[in-house]
1. So what's the net charge close to residue 96: Lys and Arg +1, Asp and Glu -1, counting the other residues with Cβ under 11 Å from its Cβ?
2. Considering amide H positions built from the backbone, and no H for Pro or chain starts, which residues 5 or more places from residue 175, or on another chain, come under 5 Å of its amide H?
3. Taking only Cα atoms, what is the 0 to 90° angle, nearest 10, from helix 70-79's long axis to the longest principal axis of the chain?
4. Can you say what percent of the DSSP beta bridges in the chain, counting only those with both residues inside, are antiparallel? Round to 5.
5. For region 107-200, what does the equivalent ellipsoid look like in terms of its semi-axes, each the square root of 5 times an eigenvalue of the Cα gyration tensor, given largest first in whole Å?
6. Can you check what the net charge comes to around residue 67, using other residues whose Cβ is under 11 Å from the Cβ of residue 67 (Lys, Arg +1; Asp, Glu -1)?
7. Rounding to the nearest 20 debye, state how big the charge dipole of region 107-200 is about its Cα centre with +1 on each Lys and Arg Cβ and -1 on each Asp and Glu Cβ.
8. Calculate for the chain the 222 nm mean residue ellipticity that helices alone would give, adding -39,500 (n - 2.57) per DSSP H run of length 4 or more and normalising by residue count, nearest 500 deg cm²/dmol.
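Taken together, the values in this text are just the output of simple stated rules run on the coordinates, not laboratory data. What you see is a predicted model; the values in this text were computed from it and never measured. Glycine gets a Cβ as well: all are built from the backbone with ideal geometry, and neighbour counts include every protein chain shown.
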Amino acid sequence: MTISRIILSLALTSSPCLCLADLNFVTQDKPPFNYLETRTGKVAGLSVDILREAASRAKVTISHIDLYPMIRSIDLAQNEVDTCVFPVVRTAERKNSFKWVGPFANNIWVFYARNDFKGQISTLEDARKFSIGSDPHSAKTDYLKSQGFHSMDLMAEDDLNARKLSIGRFDLWLVGLYDGKIFADQAKVKNIKSVFDVKAVEYYLACNKHAPDAEIEALDGAIKSMQKDGTIQRITDAYASNMFRR
């Protein structure tokens, strides 16, 4: 082999691959956005359907999707390259810790109360006189703490929070509007209702800061195209329709 061919061969073999890398995704049990489908043993849900479609359009391979408690999922995405966590709220505290894709879904943080609740809540300030239950590892709890709510009954299992509300362990349950209904259904709790909208939020995909820019940009572009052509709205409407038929 001539010297020129050797140089060309080395140049070709040392050139960076132009193909997109595989990404790992982690999430939590948060129906209808993501949950373990018992029939298949796979992670499914509204945000999973959106992610799979976006990855297909972006030509990004999903290595795997794993379900963990949210505190662990966020830790994995912060510390493992090529790992992303979803769906998460982009808070000021998290903003500089990740590369962001989205938003791709919406929710409303609400207070649920028992059906016989006699209190009047017109503003967040009105809630201070009542006892509140919530998930300790969530952006919504952090938000309430930032507003001066520090004495809360905190438990990570929201189906148990639904039960605790139903038997009067606290007055108000802070949870997402959609996931709150499903957790209550799972716990067979029927005597609660939404009484106040705390905050409308947007959900994002948050990726490790060292995740390749090409994948992040491709996924973000795919999400934007899905918003524009109505795909995200169709997926969301399908889940909402099924959920509120229960």
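1. Details: positive: 90, 94, 95, 99, 209; negative: 93.
Neighbourhood net charge equals +4.
2. The list, which skips near neighbours in sequence, is 110, 112.
3. The helix 70-79 is inclined about 20 degrees to the chain.
4. Values: 25 of 37 bridges.
Approximately 70 percent, going by the DSSP bridge assignments.
5. Working: eigenvalues 63, 43, 30 Å².
Each semi-axis is √(5λ); the values are 18, 15, 12 Å.
6. Details: positive: 30, 42, 72; negative: 29, 37, 66.
Computed value for this residue: 0.
7. Details: 14 positive and 13 negative charges, 57 e Å.
It comes to approximately 280 debye.
8. Working: 8 runs with 91 residues, N = 246.
Computed mean residue ellipticity for the chain: -11500 deg cm²/dmol.
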